[in-house]
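Heads up: the structure comes next, in structure tokens.
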Amino acid sequence: MPPIRLIIVDDHPIVRDGLRGIFAADEAFEIVGEAADGPEALAVALRTKPDVVLLDLRMPKMTGVEVIRRLREQTPGIHVLVLTTFDDDADVLPAIEQGATGYLLKDTPRAELRRAVQAAARGETVLSPAVAGVLRHKAQEPEPRTLSPRELEVLRLIARGATNREIAGRLFITEATVKTHLLHVFAKLEVKDRAAAVAAAYETGLLKPAAGD
């Protein structure tokens, strides 16, 4: 098997030196480039066409998340393995959403890091236990309540005290259609009447108080 072509991207020279030491002595890997910031990482990746980019998230000139997005655009099929010290939602979720193949913390043992790069090169998802926990927690959160544009129009008019007939006339629809929209609104907001629907919409931010309220 040919060695895995690897780029190391981190703005700290000492970190890059340490990572280079982990991989350089192993014939399974070939370090084809290094970079200290986002723009440099993009240029090196474009020039060397690596299998895996080992990427820190917080760097000067460009965020790691933006680097991931740009790498995926300019070099389709590239695998990005995040290696960072941050494991909160604000860092993990955007990186995964932009297409990071894996996400590890910098306290990952050397042997585990080498296995993770090999797995990332095969396109396998690699997550540290802490990051996996963040994603599990996020998956268990309820989906945000959303209404269609028409349902929001109906609800805004209800909040202003309009009757079904007035809503139908204002929106040029039938009263039966207004009632159908209301049923959908009640179901989505898990309420049973108009007043509760309006209250729930304000509580969840679907409706905003008018200026001066």
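Computed from the coordinates by the stated procedures, all read-outs in this text should not be read as laboratory data. Computed from a predicted structure; not experimentally measured. In this analysis, Cβ positions are derived from the backbone assuming ideal geometry, glycine residues included, and neighbour counts consider all displayed protein chains.
Brief remarks on what is shown
- Helical contribution to [θ] at 222 nm, DSSP H n ≥ 4, -39,500 (n - 2.57), averaged over the chain, rounded to 500: -16000 deg cm²/dmol
- Stokes-Einstein, applied to the Kirkwood radius of the range 1-88 over Cα pairs at a viscosity of 1.567 mPa s and 4 °C, places its translational diffusion at 101 µm² s⁻¹.
- Label-to-label distance, nm, for residues given as ASP37 and GLU190 (7 Å Cα→Cβ offset): 4.8 nm
- Here the chain is assigned +1 on the Cβ of each Lys and Arg and -1 on the Cβ of each Asp and Glu. Its dipole about the Cα centre then comes out at about 780 debye.
- Inter-label distance for GLN74 and LYS106, nm, one decimal - labels placed 7 Å from Cα along Cα-to-Cβ: 2.4 nm
- For q = 0.10, 0.19 Å⁻¹, Debye-computed log10 I/I(0) when each Cα of the chain counts as one equal scatterer: -0.60, -1.22
- The calculated FRET efficiency for ARG58 paired with LYS208, based on their beta-carbon distance and R0 = 30 Å, is about 0.35.
- In the chain, the longest principal axis of the Cα atoms and the axis of helix 64-74 are about 80 degrees apart.
- Reach of LYS192 by Cα under 16 Å, taken over lysines that are not fewer than 8 positions away in the same chain: LYS179
- For the chain, the share of DSSP beta bridges that are antiparallel, to the nearest 5, is 0%.
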